[in-house]
1. Tell me, what ³J(HN,Hα) does each residue in segment 55-67 have, in order and in whole Hz, if you take phi through Karplus 6.51 cos²θ - 1.76 cosθ + 1.60 with θ = phi - 60° and put x for Gly and Pro?
2. Ala170: net charge of surrounding residues, Cβ under 11 Å, Lys/Arg +1, Asp/Glu -1, itself excluded?
3. Can you pull the accessible area of Glu164 for me, 1.4 Å probe, Å² to the nearest 10?
4. Which aspartates and glutamates have a Cα lying under 14 Å from the Cα of Lys151, excluding residues fewer than 8 positions away in the same chain?
5. What FRET efficiency would be calculated for the residue pair Ile54, Ala161, taking the C-beta separation as r and a Förster radius of 30 Å, to the nearest 0.05?
6. Treat every Asp and Glu Cβ in segment 36-182 as -1 and every Lys and Arg Cβ as +1, leave all other atoms uncharged, and give the resulting dipole magnitude about the Cα centre to the nearest 20 debye.
7. How much net charge surrounds Lys118 when only the other residues with a Cβ under 12 Å from the Cβ of Lys118 are counted, with Lys and Arg +1 and Asp and Glu -1?
8. Using bins 10 angstrom wide from zero, how does P(r) for segment 137-182 break down, in % of all Cα pairs?
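The values are calculated or read from the model by the stated rules, or taken from the named source; none is laboratory data. What you see is a predicted model; the values in this text were computed from it and never measured. Backbone-built Cβ (ideal geometry, glycine too); neighbour counts: all protein chains shown. What goes into the accessible areas is simple: the full protein's heavy atoms, side chains included, and nothing from ligands, DNA or RNA. Shrake-Rupley method; radii C 1.70, N 1.55, O 1.52, S 1.80 Å.
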Amino acid sequence: MRSPKLSIVLGICLLASANFGLNQSALAQAKKSKTAPKETAASTKAAAPKIPWIVNCASLTGQVSCEAVQRLTIKKTGQLLLGITVRLPKGAKDPTMMVQLPHGMFLPPGVSLQIDEKPAKKEPVQTCDAKGCYVGLAIDASLLKTLKSGKSLTVSFQNLAKKEIRIPIALSGFAEAYTKLL
């Protein structure tokens, strides 16, 4: 029998997988790649691109479920660079975040999430499928407050050559998008 926490994470994975197929804005700074992402201009301390947070809603079994989505793709190839989904599962106290990463990453070190200049938080990669690899986490009140007031969320991971890839995500507009989830 599955634990409620595992069921929530699996549900998020399924919903995130479906919604990450939606096309949104592209990250122009990324270099073209046919396989794994290579070191990009976004892997330095560059400013986060101003890509809006999108709120998607769907009716699942008669209940409307909404999520705030940020999706970055490589402009020339359409390859996923990074996807983030934040949602408030029905009946859950805290919202959840699902980070979707591309294939071709070195899994053992996991992923680091850093908001502005605050200390980075390491998270393990939980699973991979045909669309990429996933990190899921609950967002407690403190993290939610920091996301709403922050300027940039930097997601860091290593490629197969063990070089760090740093992708900044603008948090401007996140607070407004999150409000629509309530």
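1. Couplings: 9, 10, 10, 9, 9, 10, 6, x, 10, 7, 10, 10, 8 Hz.
2. +2
3. 90 Å²
4. Within reach: Asp116, Glu117, Glu176.
5. 0.40
6. Magnitude of the dipole: close to 260 debye.
7. Details: positive: Lys121, Lys145, Lys151; negative: Asp116, Glu117.
Charge balance in the 12 Å sphere: +1.
8. Result returned by the calculation: 24, 43, 23, 10, 0.
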